[in-house]
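Peer 1: Handing you this structure, nothing more for now.
The values are calculated or read from the model by the stated rules, or taken from the named source; none is laboratory data. Quantities reported herein were computed from a predicted structural model and do not represent experimental measurements. So basically every Cβ, Gly included, is an ideal-geometry build from the backbone, and we count neighbours across all protein chains shown. Accessible surface is based on the protein model in full, side chains and every heavy atom, while ligands, DNA and RNA are left aside. Shrake-Rupley method; radii C 1.70, N 1.55, O 1.52, S 1.80 Å.
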Amino acid sequence: MSQYVTFTLDGSLYGIDVVRVQEALRSHTRTRVPLAPPTVAGLVNLRGQVVLTIDLRTRLGLAGRADLAEPMMVVVQVDGEPVSLLVDEIGDVVEVGPGSFETPPDTLDATLRPLILGAHKLEAGLLLVLDVDQAAAA
Amino acid sequence: MEDVDEIVREFLVESYENLDQLDRDLVALEESPGSRPLLSSIFRTIHTIKGTSGFLAFGRLERVAHVGENLLVELRDGRRSMDQPTTTVLLRLTDTVREILAAIEADGTEGDVAIDAVVEAVEAVRDGRVVVVAEPVAAAVAAPVALAEPVVVQPAAVITEKPVVPTQPTRVAPPAPAVEHAPDEVGVLRSAADTSIRVDVDLLDALMRQVGELVLARNQISRLASGTDDVDLTRSAQRLNLIAGELQEGVMKTRMQTIEHVWSKMPRIVRDLAAACGREVQLEMTGGDTELDRGLLEAVKDPLTHLVRNAVDHGIEPAEVRLAAGKAARGVLTLRAYHAGGQVVVEVADDGRGIDPERVAAKAVEKGLRTPDQLATVSHAEMLQLLFLPGFSTAESVTNVSGRGVGMDVVRTKVEAIGGTVDVDSTVGSGTVWRLRIPLTLAIMPALTVECAGDLYAVPQVNLLELVALDGQRSGSGIEYVHAAPVYRLRGELLPLVSLASVLGVDEDRPGTSPTEGSSVIAVVQADHQRFGLLVDRVLNTEEIVVKPLSARLKSIGGYAGATVLGDGRVALILDVQAIARRALVGELEQVSSEAARRAHEAAARAAQMEQVLVVGIGGGRRVAMPLASVARLEHVRASQVELVGGREVVQYRGTILPLARLDRVLGAYGDELGEELLVVVYSRAGRSVGLVVHEIVDIVDDDMARHSDIEDHGLVGSTVLGERVTELLDVRTAILAADSAFYDTPATTDELDGLAGPVVHPDLVGAAR
């Protein structure tokens with residue numbers, strides 16, 4: 001059995017292994033970093049630490065966020081340092097078993113293949129499992 | 001290391017320290033063979049190693065130490081004196097001890113480090129089977145007048161005062177005063193051990209981090225307190241300010257080490273290297289007590305070693321070459337460290353052959369790093385910068401020591417990684433100076449916050465020269481253009497401008513304005529030797545910021561040196577001024593600087609059209625003109641007063657000795673011999689004078705420089721027509737150097753000798769006195 005922290009992005013439900021997640025919170029003021037790759041949303045001040053923020057919508061090739069909507073942040077640990085991922089809404093922690101897991105279909109876009117590990121079949125829909133390291137790699 | 005128990009670990013730590021000391025002592029002992037304190041120190045160290053290794057059952061170590069001790073006993077009892085083979089074999093011994101210690105460190109046993117060769121070598125020296133080669137350097141080749149008091153490196157903990165240096169070669173240290181030092185030293189040694197304490201380095205790093213956080217919190221509270229009327233809060237905030245500041249200083253001090261730590265290795269390195277390359281090198285080190293954060297010290301160790309190796313291998317010429325060039329056979333390598341402007345400056349200087357910019361440029365073209373066109377308009381200083389390109393090496397042959405073409409760019413990268421700069425200055429034939437500038441500390445530094453396109457950035461104070469406010473209302477607002485590059489006239493000089501918004505690519509956020517409009521402040525910054533103006537919207541204030549490292553993928557962008565959290569909680573990026581310079585200015589800067597140089601030249605030329613010159617006759621009907629401005633006075637001197645010193649003519653003049661050059665000989669005129677009275681044109685600069693002997697003084701006239709024509713002739717810069725006669729224009733510099741070849745050197749020597757002797761420069765003499 002594994003536990004996932006879930007969140008929504010552009011209407012779809014994604015999940016990250018709970019052991020990798022440090023915290024989930026409302027987004028802070030971001031300082032943009034000119035000349036950085038487009039997936040870099042900026043830097044935030046997390047209790048005195050300067051944390052890199054990645055816009056997951058951009059990373060997954062989804063449409064940009066409507067400016068008015070305030071994203072939420074899921075802070076994960078990557079290579080020993082915290083990285084914050086911008087998501088639309090944070091969901092519940094979901095527990096799933098290996099039985100509901102399916103590998104991604106062959107029709108999945110090649111660029112996204114390393115990011116999506118697979119999907120768990122839930123009653124309400126699909127939970128797409130995200131590879132944290134890949135997601136934060138920008 | 002888990003297998004190695006506590007006692008062994010202590011033994012290793014202490015032994016490594018002692019071995020470093022041993023290296024220093026052995027090299028110093030070679031320089032001053034009679035020094036009893038050095039000998040005692042060396043003996044003690046070996047003895048201690050022998051004893052402890054016996055106790056810990058390290059048989060090989062014990063045997064090696066024992067053999068060394070036997071040799072040292074002979075030295076101590078006076079049955080043997082310190083010479084090159086003895087020093088060499090003892091140094092070899094210490095290397096073997098290091099090898100054994102490394103083996104112990106690795107797995108707790110001595111392994112099978114070979115010791116027979118070393119033992120045999122020591123025995124050979126003891127039995128006198130090694131031929132003692134006469135030390136060439138111990139001969140009476142008197143050193144040229146020292147530029148500064150050469151401080152022979154003494155172990156810092158042992159001798160607390162600099163030995164009195166007489167103004168004669170210090171290599172032979174008289175044994176008598178040294179013995180007097182002995183009782184003092186022992187006392188000093190003991191007390192030094194009591195007043196210091198070993199602290200785990202990780203603990204210090206943790207402390208440093210916490211202090212960094214404290215500074216941030218302090219900034220926040222200060223900001224909040226200043227916005228309130230609460231008197232108590234303000235007062236408390238002020239106290240917090242003071243305390244945090246002192247704590248910060250204190251903790252930073254714990255991390256400070258003197259640069260002596262790096263320099264302690266140098267005598268041995270230089271000695272071994274000089275021997276390997278067949279050079280004679282005298283090492284002088286000053287400023288060893290300059291303190292530096294230990295992290296920075298670690299980072300700078302390798303680059304410095306590389307520079308020292310380069311200087312010995314490539315800079316300093318072999319003795320014969322030096323003698324032929326009129327220099328002392330022994331080259332001088334000077335290491336200097338000092339604080340300046342919030343940075344530590346470390347210089348590696350040699351008096352060797354210097355670096356020829358033309359050769360560097362040619363090599364760059366040869367290696368395909370630059371095209372000839374690119375180098376056509378480049379100044380000599382910029383040519384030297386080519387040395388820092390990856391893949392560059394001017395060594396004729398790749399020696400074991402250096403010249404593998406991976407050198408200078410790695411040095412620069414390492415130094416820049418810690419926020420420092422590296423620079424080079426060189427004169428062909430005279431020598432080279434490499435200068436490293438390193439910030440005092442990594443973590444906390446003063447910076448100026450600026451605003452650009454709505455975001456805040458921090459400009460490190462060390463890069464900041466001044467701020468210039470632009471008057472946006474006036475048309476043009478002072479910004480001019482060289483082709484498309486904006487420049488600003490700052491006190492007469494052209495300053496290239498860089499719009500921060502453009503460099504960062506954010507200027508689309510201000511539509512309808514060119515990059516230079518909308519900005520109202522120029523921050524004049526400097527990176528390496530490039531000065532330029534950074535255009536920003538607004539300047540906020542200067543504050544101490546805590547540098548937070550950026551994640552690797554942001555570091556690779558290159559324009560940012562880190563990030564910080566400002567007092568109001570916002571994150572600001574810290575600008576890497578060097579990187580910005582490199583990004584924005586390559587090519588542009590060269591264009592602007594050569595344009596600036598051209599303009600300056602024209603302006604100077606226009607201003608100096610008319611000049612007053614002194615016209616003299618040098619015999620044979622030839623007339624020569626020299627700028628009157630350079631002449632101090634005219635003198636009459638009796639031919640009988642002229643004396644010969646070291647093959648040069650001099651005359652006593654105003655209490656000093658005036659070197660003479662006969663202009664007729666300098667310019668190849670062979671006219672009638674001069675009579676009893678000599679006419680001398682005296683030229684003075686910075687306390688030094690030379691006299692140019694001429695046949696007659698003709699006139700002082702105004703000279704229209706536009707009418708000059710060029711002449712290719714030794715000692716002349718051109719010719720013109722004055723008073724209806726063709727008159728040659730003297731190359732004053734050549735003439736002066738003919739009289740005194742060291743005239744234009746920095747006048748350090750004359751301070752010591754003023755009033756006493758004249759600055760006669762000759763390799764075998766230190767001066768002349770009446």
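Peer 1: Would it be correct to say that A:Leu62 is within 11 Å of the chain's Cα centre (by Cα), more than 13 Å from chain B (Cβ to nearest Cβ) and either among the hydroxyl-bearing types (Ser, Thr, Tyr) or within 24 Å of B:Arg553 (Cβ to Cβ) (or both)?
Peer 2: When the stated conditions are applied, A:Leu62 does not pass them.
Peer 1: Can you spot a residue in the stretch A:36-56 that is away from chain B (no Cβ under 13 Å), within 25 Å of B:Leu573 (Cα to Cα) and buried (at least 19 other Cβ atoms within 10 Å of the Cβ)?
Peer 2: yes
Peer 1: Can we say B:Gly562 is on the phi > 0 side of the Ramachandran plot, modelled with pLDDT of 80 or more and either within 11 Å of chain A (Cβ to nearest Cβ) or surrounded by fewer than 17 Cβ atoms within 10 Å (Cβ to Cβ) (or both)?
Peer 2: In short, yes.
Peer 1: Restricting to the stretch B:5-28, give me the number of residues that are of a type in the set (D, E, K, R) and closer than 14 Å to B:Pro267 by Cα.
Peer 2: Result for the stretch B:5-28: 4.
Peer 1: Could you list, in sequence order, the residues of the stretch B:296-340 that are of a type in the set (Asp, Glu) and either at positive phi or touching a Cys at 6+ places or on another chain (Cβ under 6 Å) (or both)?
Peer 2: Hit for the stretch B:296-340 is B:Asp313, nothing else.
Peer 1: Here is a further query. For the stretch B:173-226, how many residues are open to solvent by 90 Å² or more (accessible area, probe 1.4 Å), in a helix (DSSP H, G or I) and either at pLDDT 50 or above or on the phi > 0 side of the Ramachandran plot (or both)?
Peer 2: 8
Peer 1: Working carefully through the options B:Val251, B:Val262, find the one that is surrounded by 17 or more Cβ atoms within 10 Å (Cβ to Cβ) and more than 24 Å from the chain's Cα centre (by Cα).
Peer 2: B:Val251
Peer 1: Out of the stretch A:81-103, which residues are closer than 24 Å to A:Ala41 by Cβ and either surrounded by 14 or more Cβ atoms within 10 Å (Cβ to Cβ) or without any contact (Cβ under 8 Å) to a residue 40 or more places away in the chain (or both)?
Peer 2: Passing the criteria: A:Glu81, A:Pro82, A:Val83, A:Ser84, A:Leu85, A:Leu86, A:Val87, A:Asp88, A:Ile90, A:Gly91.
Peer 1: Please indicate, with yes or no, whether at least one residue in the stretch B:451-458 is modelled with pLDDT of 80 or more and under 35 Å from the mean Cα position of the chain (by Cα).
Peer 2: Yes.
Peer 1: What number of residues within the stretch A:65-80 satisfy the criterion of being within 13 Å of chain B (Cβ to nearest Cβ) and open to solvent by 60 Å² or more (accessible area, probe 1.4 Å)?
Peer 2: 3
Peer 1: Looking only at the stretch B:651-665, decide whether some residue is in contact with a helix residue (DSSP H, G or I) (Cβ under 7 Å, 6 or more places away or on another chain), at pLDDT below 85, within 27 Å of B:Glu724 (Cβ to Cβ) and not in a strand (DSSP E or B).
Peer 2: Scanning the stretch B:651-665 turns up at least one residue that is in contact with a helix residue (DSSP H, G or I) (Cβ under 7 Å, 6 or more places away or on another chain), at pLDDT below 85, within 27 Å of B:Glu724 (Cβ to Cβ) and not in a strand (DSSP E or B).
Peer 1: If B:Ala319 meets every condition in (1) more than 29 Å from B:Ala417 (Cβ to Cβ); (2) under 15 Å from the mean Cα position of the chain (by Cα) apart from one, which number is that one?
Peer 2: For B:Ala319, the failing item is (2).
Peer 1: Quick one: which residue in B:Met408, B:Met383 is under 26 Å from B:Gly559 (Cα atoms), modelled with pLDDT of 80 or more and touching a Ser or Thr at 6+ places or on another chain (Cβ under 9 Å)?
Peer 2: B:Met408
Peer 1: Name the residue, out of A:Gly61, A:Gly11, A:Gly48, that is touching a helix residue (DSSP H, G or I) at 6+ places or on another chain (Cβ under 7 Å) and not polar (S, T, N, Q).
Peer 2: The match here is A:Gly48.
Peer 1: Run A:Gly80 past the list (1) over 13 Å from the mean Cα position of the chain (by Cα); (2) over 16 Å from A:Arg20 (Cβ atoms) and report the number of the one that doesn't hold.
Peer 2: (2)
Peer 1: Of the conditions (1) part of a strand (DSSP E or B); (2) within 14 Å of another protein chain (Cβ to nearest Cβ), A:His28 fails just one. Which one is it?
Peer 2: (1)
Peer 1: If you don't mind, another one. Counting only residues that are touching a residue at least 60 places away in the same chain (Cβ under 8 Å) and more than 24 Å from A:Thr111 (Cα to Cα), how many does the stretch A:45-80 have?
Peer 2: 1
Peer 1: Let me ask something else about it. Being open to solvent by 40 Å² or more (accessible area, probe 1.4 Å) and free of Cβ contacts under 8 Å to residues at least 12 places away in the same chain narrows it down to one of B:Glu320, B:Glu280, B:Glu291, B:Glu358, so name that one.
Peer 2: B:Glu320
Peer 1: Could you tell me which residue of the stretch A:121-138 is nearest to the chain's Cα centre (by Cα), considering only residues that are farther than 29 Å from B:Arg553 by Cβ and either open to solvent by 70 Å² or more (accessible area, probe 1.4 Å) or at pLDDT 90 or above (or both)?
Peer 2: A:Leu126
Peer 1: Go through (1) within 23 Å of B:Asn219 (Cβ to Cβ); (2) within 14 Å of chain A (Cβ to nearest Cβ); (3) open to solvent by less than 40 Å² (accessible area, probe 1.4 Å); (4) modelled with pLDDT of 85 or more for B:Gly569 and report which single condition fails.
Peer 2: (4)
Peer 1: Hey, another quick one. Check whether at least one residue in the stretch B:278-297 is in a helix (DSSP H, G or I) and charged (D, E, K, R), and report yes or no.
Peer 2: Looking for residues that are in a helix (DSSP H, G or I) and charged (D, E, K, R), one finds at least one in the stretch B:278-297, hence yes.
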